[in-house]
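Structure record follows, encoded as structure tokens.
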Amino acid sequence: MTHKNAGRPTEDSIKEEIASRVTRHQYLTWFDKLNFIFTGPNRVSVVVPNKFYHQYLKTRFLTLINEAVEAVTDLTHPEIEFTLAVDLVSAPRPNGSVKEPDDSEGVEPDRGADSGWRRRPWHPPELATIGARVPQPAGNGQLEFSAAIPRSIPLNPDYSFEHFIEGPCNRLALAACRAVVDQPGTSFNPLFIYGKVGLGKTHLLQAVGLGYAAAGLGRIVYLTCATFTNDFIAAVNANDLDRFRKKYREADCLLIDDIQFLAKKERTQEEFFHTFNSIYNQQKQILLTSDCLPSEIAGLSERLISRFKLGLVAQITAPCLETRTAIIRRKADKLGLRIETDVAEFIAQRIRDNVRELEGAVLRLHTLVTIENQPLSVESARTALVDLIGGEAKRVGLAEIQQAVLQEFDIRPAELHSRKRTRSIVVPRQVCMYLARMHTDLSLGEIGLFFGGRDHSTVLHAVEKIRVAVSSDPRIRNSLAAIEQHLAP
Ligand code: ADP
Ligand code: MG
């Protein structure tokens, strides 16, 4: 299938070409969600939903993508680059009509874990005003990104309240977000949500935006702080502050992600202060997220700190074991992946402080099962996830596990290592073996040796016993959760 002569090739023609070269299953799994954007005379950007697509496509399908692009364009050896969908706002515009900012304020924020991504000059997107433009889920429930150069930050229907798992770690923030949807501008204004990366701040912010869109609220302005900054600089350069101010100050709600990016940007802070006041004084809702408290944002002016604290400051912390397990289950369900309790627990035990990584793990297991046709077990998961969990495995040792278990069950080391078979000793011993299996890469034999010279079948039996007990016995579940707290790095 070739579209060379069918006018300017579109992303769809690339996708069609790919569809003709792979199986339907491969297409639906790996290509259906992609967008292709022509970002230069000989360059095509592949917009992927997450890092795992990038890794997988790069290793398995780069040649195929190249060939498909060559087939539908006149390009030879096109340059293929990958862009994360969440980075869409940094995608270059075709005719860079806006002058580059000449100070440090116009630089794309450091994306931490994603810093391996290609960096490019920042071009401010259009104001992210949505409402009528909320992307609707396609028939198959998948997101449709706008096909051309994005002009607004799309709200992702996957980031709704419905898809957000509640736990003690996020209960307050979630309740507050629901409240501001029900009563904009009155209950908590501003609502300031902070927490470490990958804990659901952006998800909640978008859920609020989606809630407003569903309720038909007028001008919903949702954007990252970096976009605000860059839009401001562009307006200054273009001598067009009036238009800028009108756009922002007349919002019906202002949702700004990663407000910590205001750090040390005096001019932008000054402008934001007035934006804030204008919206606040009209009793319109302001919602901000940050990776730290207002007072911890470097060089944030005192008056902004006090503004940010006017409403409610809610923290999101790392999810507990139960919440992590629930998240894994939900994400697996969504992919149609059947995941047994032991595997879910195994991942939840190993990946503790980042929900994004939990998602990544589930996605990889999905690949394992659907593409590589492998059975899902703790063993196969351990291998498949080695680079996600490998480093952490070494952080917890047998002695540490033993210490935590002894403390929780209040028994002495000699008892643990003895031949005693009373339940009060057997259970802690089995818990030790179970945790050793979950947290270390040691063999069954090595674990048995450490905990009183048991053979590998005893360890296997112990692991199985606790695995079953985790789902049936709340006392064991609570004990494990408590021990886990001690083991947490
Ligand atoms: P942050 O903005 O805090 O860095 P995100 O909102 O981008 O984190 O969350 C990272 C990923 O984890 C997203 O895909 C999000 O949907 C998911 N996620 C985070 N918390 C939850 C939760 N409680 N329930 C379901 N998914 C979650
Ligand atoms: Mg975020």
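None of the figures in this text is laboratory data; all of them are computed from the coordinates on show. Bear in mind the structure is a predicted one, so any value in this text is a computation, not a measurement. As a convention, Cβ positions derive from the backbone with ideal geometry for all residues, glycine included, and neighbour counts pool all protein chains shown.
Counting Lys +1, Arg +1, Asp -1, Glu -1, what net charge surrounds residue 277 among other residues with beta carbon under 14 Å of its beta carbon?
Residues near residue 277 contribute +2 overall.
What FRET efficiency comes out for residue 370 versus residue 246 if R0 is 51 angstrom and r is the Cβ-Cβ distance? Round to the nearest 0.05.
0.55
If we count every other residue with Cβ under 12 angstrom of residue 316's Cβ, Lys/Arg +1 and Asp/Glu -1, where does the sum land?
0
Enumerate the calculated ³J(HN,Hα) couplings along the range 237-250 in order (Karplus 6.51 cos²θ - 1.76 cosθ + 1.60, θ = phi - 60°), each rounded to whole Hz, writing x wherever the residue is Gly or Pro.
4, 8, 6, 10, 5, 4, 5, 4, 5, 4, 4, 7, 7, 9
Give 247/331; 51/246; 196/265; 33/246; 15/196 a once-over and call out the pairs whose C-alpha atoms are over 26 Å from each other.
Cα-Cα > 26 Å for 247/331; 51/246; 33/246; 15/196; rest within.
Report, ordered by chain and residue number, the lysines lying within cross-link reach of residue 465, taken as a straight Cα distance under 26 Å and ignoring same-chain residues fewer than 8 apart.
Result set, ordered by chain and number: 394, 420.
Could you work out how far apart the two model spin labels at residue 266 and residue 482 are, taking each label as a point 7 Å from the Cα in the direction of the beta carbon, and quote it in nm?
5.5 nm
For residue 446 paired with residue 163, estimate the spin-label separation in nm (one decimal), with each label point 7 Å from Cα along the Cα-to-Cβ line.
Here the answer is 3.9 nm between the modelled labels.
Using the Cα gyration tensor of the range 331-439, with a ≥ b ≥ c the square roots of its eigenvalues, what is the shape: rounded (a/c below 1.5), prolate (a/b larger than b/c) or oblate (neither)?
Prolate.
Quick check: residue separation of residue 27 and residue 400 times 0.36 nm, minus the Cα distance between them. What number comes out in nm?
Between residue 27 and residue 400, full extension yields 129.7 nm more.
Find out how many positive minus negative residues lie around residue 61, taking Lys and Arg as positive, Asp and Glu as negative, among other residues whose Cβ is under 12 Å from that of residue 61.
Computed value for this residue: +2.
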